[in-house]
1. Conditions first: (1) without any contact (Cβ under 8 Å) to a residue 12 or more places away in the chain; (2) outside any helix (DSSP H, G or I); (3) more than 22 Å from B:T33 (Cα to Cα). B:Q183 passes all but one, so which condition is the exception?
2. If you go through segment A:157-180 one residue at a time, how many are in contact (Cβ under 8 Å) with a residue 40 or more places away in the chain and part of a helix (DSSP H, G or I)?
3. Which residues, counting only those in segment B:168-209, are of a type in the set (D, E), within 11 Å of another protein chain (Cβ to nearest Cβ) and more than 24 Å from B:D40 (Cα to Cα)?
4. Quick check on my filter: what residues within segment B:140-197 are touching a helix residue (DSSP H, G or I) at 6+ places or on another chain (Cβ under 6 Å), closer than 18 Å to A:S59 by Cα and surrounded by fewer than 22 Cβ atoms within 10 Å (Cβ to Cβ)?
5. Hey, B:R77 hits all of (1) within 22 Å of the chain's Cα centre (by Cα); (2) farther than 23 Å from B:V209 by Cβ; (3) not hydrophobic (A, V, I, L, M, F, W, C) but one; which does it fall short on?
6. Has segment A:226-236 got at least one residue that is surrounded by fewer than 20 Cβ atoms within 10 Å (Cβ to Cβ), modelled with pLDDT under 90 and within 26 Å of B:A192 (Cα to Cα)?
7. Say we look at segment A:64-99 and pick out the residues that are within 11 Å of chain B (Cβ to nearest Cβ) and part of a loop (DSSP other than H, G, I, E, B); which of these is nearest to A:D195 (Cα to Cα)?
2 protein chains.
Amino acid sequence: MLYDPASRYKWRQETGLMETQMSVPEVIRRRRTVRGFKPDPVPEEIVRELARLATCAPSSWNLQPWRIVVVTDEAVRLALQRASYNQKQVGEAPVTFVFAFSLGGWRQDLEPMTAQAERLGAWSPEYAAGVRRNAPTQQELLDKRGLMREFCLRDTVVAATQTALAAESLGLATCLMSGWQEQRIKAAIGAAGDDDLGIGLLLDMGYSVELPRSPGRFPVSHTVSWNRLGVPFPDPRQSGAEGLENNLETARHD
Amino acid sequence: MLYDPASRYKWRQETGLMETQMSVPEVIRRRRTVRGFKPDPVPEEIVRELARLATCAPSSWNLQPWRIVVVTDEAVRLALQRASYNQKQVGEAPVTFVFAFSLGGWRQDLEPMTAQAERLGAWSPEYAAGVRRNAPTQQELLDKRGLMREFCLRDTVVAATQTALAAESLGLATCLMSGWQEQRIKAAIGAAGDDDLGIGLLLDMGYSVELPRSPGRFPVSHTVSWNRLGVPFPDPRQSGAEGLENNLETARHD
């Protein structure tokens, strides 16, 4: 084992959970996509904590378009696997979070969300009035321009990514998945024919059978520009032929 | 000030940076969307580190479709502000990461990426051969079905979210932004008329003039289901009318 998280766990009274003391950058560097899970279940308290953390994500107008289905039932997990080109890690993982989104949920959600923000003193009455007035106009415009799905997807993927990093920090292995058929995933979670629902991302989690090696990354100069697209971002650690290796050094786990 | 990050910083030899000792769940809970930034610049080393961390994100086939433009130049920042319905935080923030993506970059990137993964021993020759054979077919299919943009957006938002949480952990305040006009953002970063490029998300960062209060979140039972959509996720901390408040208790910063 390359890294022993147990040695760095600490108890947090607030959540009642053991948590690794890895910082966010450490978790980002050590995370690897895992495609083989042990049958060991994930403690319920961890799953609950992740559900809460998922919903802490920011979203456009704070409308929280995500609709998350936490799947632990074996029959549903196997249905998800079949909907994902039969990738075995989906059925193996004891828990999968299906990050779906509601295209029209904002119509019911806008008022209670705004009232809460006002009551909590986060939004002034003037700001809240602006949201009540402007959000519906903007949302209708997105609908008309065919951009609503993209808007909901964006916020939902933010929530999914937060959850993946949080799961890693709680000692789990994860697999963020794009390879599935939307209609079949919807059917698996009991939402066949629900036109309001889209699927954003699947997140399998559990305990890994192995810690895979990193396949590496392109050098920062290939995918990051500075001020204008195509002007390579200057990173003294990465230049010329060494780029691939150098970014890899920082990208892979220790 | 509700939270003093300075008291919990530690020096990390690996990156040469001071890092807070907040765990991922702590960062997720304490993060607030900030809409007012001080003029103080962000140290170059932090910006470089964030660029590296952004590119550690996982992606479909490891194709890394993101094209990130790190904007520090004032003229470009002001152009981004005008492209974002003149939201003042965009021009104020000393640094904005524009998370764009390339729809067709995979054609050039597939071979060097696969060769690297093979050389690093992450992918066996058989697995690499499978990727060389299957990835182009799948990508062409996405193109045909009009799903390529969504696929690229998904991976790009994962990278953006990682960067936002990493920035928070390095003591910065952030604002993830969906409110902008795509063509004008492309023009601002020198990519007007580039049909290969899409814009995923903007991430403003810097030092905050204030720590805003949380507008709250819906209770987990409203946005999270269990095994089937519409079956509320059981969370003993959240039931009935207390739900809104309870999730808020965990969602807001201390």
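The values are calculated or read from the model by the stated rules, or taken from the named source; none is laboratory data. Bear in mind the structure is a predicted one, so any value in this text is a computation, not a measurement. Don't worry about glycine lacking a Cβ; one is built from the backbone with ideal geometry, like all the others, and counts go over all protein chains shown.
1. So the condition that B:Q183 fails would be (2).
2. 12
3. Scanning segment B:168-209 gives B:E182, B:D194, B:D196.
4. Correct list: B:S178 only.
5. B:R77 satisfies every listed condition except (2).
6. yes
7. Only one residue fits best here, namely A:P65.
Per-residue answers, yes or no, for (1) more than 7 Å from chain A (Cβ to nearest Cβ); (2) closer than 29 Å to B:V47 by Cβ:
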site: B:T163; (1), (2): yes, yes
site: B:A166; (1), (2): no, yes
site: B:W226; (1), (2): no, no
site: B:L229; (1), (2): no, no
